[in-house]
Amino acid sequence: MVEPYCDKSIKLFSLNANRDLAEKISQESGIPLGKLSSRQFSDGEIQINIEESVRGVDVYIIQSTSYPVNDHLWELLIMVDACKRASARTVTVVTPYFGYARQDRIAASREPITAKLVANMLVKAGVERVVTLDLHAAQVQGFYDIPVDNLLTMPMFAEHYINAGLTGSDVVVVSPKNSGVKRARSLAEYLDAPIAIVDYADDDSSRDSGYIIGDVSGKKAIIIDDILNTGRTFSEAAKLIKENGAVEVYAVASHGLFAGGAAELLDQAPIEEIVVTDSVSCKEKLPKQIKYITSSKLLAEALLNIHEHKPVSPLFNYKPKA
């Protein structure tokens, strides 16, 4: 059991998006969760009251901006404002899942860059540092004029598969779309395995138009992506990989949103196991193959290193134990 953290100049608060993860981070760090109340009026307005002093301390707020995204984003902004008005020395937000990160560029005429807007709002509210996990696009860090620590979950996933014996030439790591090749290669290097790519002849992303670049025949395939949302990408890729001769199919994603009917879709897919982190507290039905890996230790170490003015970079260089 972790000893209580005795430094009184730091306080840790959890909002409503992911209380379970916040409690795990508290246990890993030894920092108790601070007391606050957060409620919504009948018209949806959010009211927050911090029930202990934060004057002169470094405040860390844990809040994923997951579904309902706008409620959780506004709750975070209001909490930041409350801390600043209560004379907190610094405010750091810990957003294990950063919503709106997919809107990081103009993909069609007259589209906004909403990830930049959200970054502006957080900085304007008074945030001085952001800690997050596996941003959808790493360049979102550049939208902030404050430090952003984008922690990587890949070593945790690698350790999981190494312990499961899924390594070497009998395994292939598959990117379910051509934009995810870098992510697939990163995991493949840990596992000493080759990679393959699922691509499509047109824009419908259906199995009928899909083909595989690389060899999956006779191999155990691991599909990897950063966000598992509706489950369609994983489901279609798994079926295509299986049709091309893979003996087993596994899936892994940093953030499991499981929106809509994702569970039903994935239950019917030929996937042995679906691994995600606990960055999102999902209220939807979960697929039967689900396995969670906690990110609490990684986040707790990052917070303590930041507070103690130690480098965060060693957490990026972590090597999984075989």
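Collect the residues in the range 106-120 that are part of a helix (DSSP H, G or I) and either surrounded by fewer than 17 Cβ atoms within 10 Å (Cβ to Cβ) or in contact with a strand residue (DSSP E or B) (Cβ under 9 Å, 6 or more places away or on another chain) (or both), keeping them in residue-number order.
Residues of the range 106-120 that are part of a helix (DSSP H, G or I), as a first pass: 114-120.
Selection gives T114, L117, A119, N120.
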Q) Looking at the range 121-173, which of the residues that are farther than 15 Å from V94 by Cβ and among the hydroxyl-bearing types (S, T, Y) is most open to solvent (accessible area, probe 1.4 Å)? A) S169
Q: Assess whether G214 counts as being under 25 Å from T167 (Cβ atoms), loosely packed, with under 14 Cβ neighbours inside 10 Å and at pLDDT 95 or above.
A: no
Q) Based on what the data block shows, is E159 over 26 Å from A238 (Cα atoms) and acidic (D, E)? A) no
Q. Can you pull out the residues in the range 56-83 that are of a type outside the set (F, W, Y), open to solvent by 30 Å² or more (accessible area, probe 1.4 Å) and under 22 Å from Y100 (Cβ atoms)?
A. P68, V69, N70, D71, I78, D81
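One line per residue, one yes/no per condition, for (1) under 23 Å from N16 (Cα atoms); (2) buried (at least 21 other Cβ atoms within 10 Å of the Cβ):
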site: G218; (1), (2): no, no
site: A237; (1), (2): no, yes
site: N244; (1), (2): no, no
site: S254; (1), (2): yes, yes
site: L265; (1), (2): no, no
site: V275; (1), (2): no, yes
(Q) Just to be sure I understand the filter: pairs with C-beta atoms under 6 Å, separated by 6 or more residues or on different chains, first member in the range 12-31 and within 15 Å of T92 (Cα to Cα), second member among the aliphatic types (A, V, I, L, M) and part of a loop (DSSP other than H, G, I, E, B). Which pairs pass? (A) L12/I31
Q. Only one of these conditions is not met by E264: (1) assigned to a helix (DSSP H, G or I); (2) closer than 30 Å to K11 by Cβ; (3) more than 17 Å from the chain's Cα centre (by Cα). Which number is it?
A. (2)
Q: Tally the residues that are hydrophobic (A, V, I, L, M, F, W, C) and touching a Gly at 6+ places or on another chain (Cβ under 7 Å), restricting the search to the range 75-93.
A: 2
Q: Would you check if there is a residue in the range 42-55 being open to solvent by 10 Å² or more (accessible area, probe 1.4 Å), modelled with pLDDT of 95 or more and closer than 16 Å to A302 by Cβ?
A: no
Q | In the range 142-156, the residues that are more than 27 Å from L191 (Cβ to Cβ) and assigned to a helix (DSSP H, G or I) | A | G142, F143
(Q) Just the residues that are under 16 Å from the mean Cα position of the chain (by Cα) and in a loop (DSSP other than H, G, I, E, B), please, taken from the range 290-309. (A) T294, S295
Q) How many residues does the range 3-48 hold that are among the small types (G, A, S) and within 23 Å of the chain's Cα centre (by Cα)? A) 6
Q. If a residue has to be open to solvent by less than 90 Å² (accessible area, probe 1.4 Å), more than 24 Å from T277 (Cα to Cα) and of a type in the set (D, E) to count, how many in the range 3-41 make the cut?
A. 1
Q. Out of all the residues in the range 1-16, which are in contact with an Asp or Glu (Cβ under 8 Å, 6 or more places away or on another chain) and farther than 21 Å from V54 by Cα?
A. V2
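The values are calculated or read from the model by the stated rules, or taken from the named source; none is laboratory data. None of these values were measured; they are calculated from a predicted model. For neighbour counting, all protein chains shown are included, and Cβ atoms are generated from backbone atoms with ideal geometry for every residue, glycine included. When the accessible area is computed, the model is the full protein with side chains, heavy atoms only, and any ligands, DNA or RNA have been set aside. Shrake-Rupley method; radii C 1.70, N 1.55, O 1.52, S 1.80 Å.
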